[in-house]
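*Asks:* Following this message is one structure expressed as structure tokens.
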Amino acid sequence: MEPGPHADRMSEPEAAATAPALAQAVSAPLTRAAIFLVATLNPGADHRATLRSFCGELAALVRAVEFRDLEGGLSCVMGFGSDAWDRLFGPPRPAELHPFREIRAGARHAVSTPGDLLFHIRAKRMDLCFELATQFMARVGNAVSTVDEVHGFRFFDDRDLIGFVDGTENPRGAAVADAVLVADEDAGFAAGSYVIVQKYLHDVSAWNALSTETQERIIGRTKLSDIELDDSVKPTSAHNALTTIVENGKEIKILRDNMPFGRPAHGEFGTYFIGYSRSPRTIEQMLENMFVGRPPGNYDRLLDFSRAVTGNLFFVPSATFLENVAEDRTNEDRANEDGNNEDPPAVAESPAAPPPVAESSLSLSSPSVSDGSLGIGSLKGDIRHE
């Protein structure tokens, strides 16, 4: 497994220049608690400088809180949206970083919502997650505006709030790095990863009104034993059928660490989907299959009971990149030497937001990664990627 963001720097400067980049803790063991923070970067050169400085401090902050309980499994992954990358770092940029692609198909809508920064904080105990999030916000609070904060938990025997175990098809061992880490295809950003997040809300009353057999056909697994249904009885619209991506005879994997969340007094029951991949196109294809259908119209019936209320795509640079972020001003800041502290227009290299996907159009021809299930649900306790 690749080291997390708290990995020590190389002791010899010349070695640091040639050593492989160290990944953030994308493949950290699954935990019992998590906090998902999505924020936007506030305008102003001073706020951009705060965030760039924070990048170099992230590992030390994680170590400081982690050391208070070395068995707590604390880790954090920090990701950046397309616009934020241009504003904070400028070119070059990760080859496949772009705004989240909205999808509309009938009543189904994969929404695209604001988000420049993602903090994915994990630990065996919520208090560790809470403390680290508190320290982060004390450091960067004035520079960002929080747009979403979700506290996730493992639910009983690792089921989601619609009663199914999910996420059993995550890659394991050496296959994790191959599935989620950028390599030679974008060597300047090696050891980075792409991550897509969505917050789903479930109509549990309508879902629970279905028979168990109907629910199993929608998911593609048995409810009690979590055994995948045989292809002879599993509908082609089953959730795990549509989210299985095969290229050149090989299933393309992603890594999911979904968490249930909710507020019973408000009737809120949901799943926070988070998927890491070597290429965002894999998860984008999964979402297109779910929302549009494969073929179009043969969509995921789970979406009749679950709706996405957020949607973001981020790039997770390597821990080495974060520790080496220069505190110097970007080209954007240099252009503001006349005293204007507001953000100028996005840099020329920033692509326009792509139009909503309305029909099958995505291709997986270049190196990519994915898992056979979108994993609308929780995963297996502290077992590593099960």
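*Asks:* Can you list residue pairs whose Cβ atoms sit under 9 Å apart, with the first residue in the stretch 122-140 being acidic (Asp, Glu) and the second being in a loop (DSSP other than H, G, I, E, B) and open to solvent by 70 Å² or more (accessible area, probe 1.4 Å)? Count only pairs 6 or more apart in sequence or on different chains.
*Replies:* Hits for this filter: GLU131/ARG68.
*Asks:* Here's something else I'd like to know. Which one of the conditions (1) over 20 Å from the mean Cα position of the chain (by Cα); (2) among the hydroxyl-bearing types (Ser, Thr, Tyr); (3) over 22 Å from LEU58 (Cβ atoms) does THR113 fail to meet, given that it meets all the rest?
*Replies:* Here THR113 meets the rest and fails (1).
*Asks:* Restricting to the stretch 187-205, name every residue that is farther than 30 Å from PHE305 by Cα and open to solvent by 30 Å² or more (accessible area, probe 1.4 Å).
*Replies:* ALA187, GLY188, ALA190
*Asks:* Give me the residue from the stretch 246-270 that is outside any loop (DSSP other than H, G, I, E, B) and acidic (Asp, Glu) and, out of that set, most open to solvent (accessible area, probe 1.4 Å).
*Replies:* Within the stretch 246-270, the match that is most open to solvent (accessible area, probe 1.4 Å) is GLU251.
*Asks:* Can you pull out the residues in the stretch 30-45 that are surrounded by fewer than 20 Cβ atoms within 10 Å (Cβ to Cβ) and β-branched (Val, Ile, Thr)?
*Replies:* Passing the criteria: only THR40.
*Asks:* Taking the residues in the stretch 149-170 that are modelled with pLDDT under 90 and under 16 Å from the mean Cα position of the chain (by Cα) as candidates, determine which candidate is surrounded by the fewest Cβ atoms within 10 Å (Cβ to Cβ).
*Replies:* GLY167
*Asks:* While we're here: Specify which of the listed residues (THR134, THR113) is outside any helix (DSSP H, G or I) and either buried (at least 16 other Cβ atoms within 10 Å of the Cβ) or not aliphatic (A, V, I, L, M) (or both).
*Replies:* After ruling out the rest, the residue left standing is THR113.
*Asks:* Moving to a separate point now. LYS234 versus (1) assigned to a loop (DSSP other than H, G, I, E, B); (2) more than 20 Å from the chain's Cα centre (by Cα); (3) surrounded by fewer than 17 Cβ atoms within 10 Å (Cβ to Cβ): which is the lone unmet condition?
*Replies:* Every condition holds for LYS234 apart from (3).
*Asks:* Please work out if ASP226 is buried (at least 24 other Cβ atoms within 10 Å of the Cβ), at pLDDT below 95 and in contact with a strand residue (DSSP E or B) (Cβ under 8 Å, 6 or more places away or on another chain).
*Replies:* Here the answer is no, as ASP226 does not meet what is asked.
*Asks:* Test ALA187 against the stated conditions and say whether it is over 23 Å from the mean Cα position of the chain (by Cα) and hydrophobic (A, V, I, L, M, F, W, C).
*Replies:* Here the answer is no, as ALA187 does not meet what is asked.
*Asks:* Regarding ARG48, is this residue basic (Lys, Arg), open to solvent by 10 Å² or more (accessible area, probe 1.4 Å) and modelled with pLDDT of 95 or more?
*Replies:* no
*Asks:* Then there's this: In the stretch 64-77, what residues are of a type in the set (A, V, I, L, M, F, W, C) and either in contact with an Asp or Glu (Cβ under 6 Å, 6 or more places away or on another chain) or surrounded by 24 or more Cβ atoms within 10 Å (Cβ to Cβ) (or both)?
*Replies:* Correct list: VAL65, LEU74, CYS76, VAL77.
*Asks:* Determine which member of the set ALA64, ALA49, ALA59, ALA34 is touching a helix residue (DSSP H, G or I) at 6+ places or on another chain (Cβ under 9 Å), in contact (Cβ under 8 Å) with a residue 24 or more places away in the chain and within 17 Å of VAL197 (Cα to Cα).
*Replies:* ALA34
The values are calculated or read from the model by the stated rules, or taken from the named source; none is laboratory data. Because the structure is predicted, anything quoted here is derived from the model rather than measured. Note: ideal-geometry Cβ built from the backbone for every residue, glycine included; neighbour counts use all protein chains shown. Just so you know, the surface numbers come from the protein's heavy atoms only, side chains and all, with ligands and any DNA or RNA stripped out. Shrake-Rupley method; radii C 1.70, N 1.55, O 1.52, S 1.80 Å.
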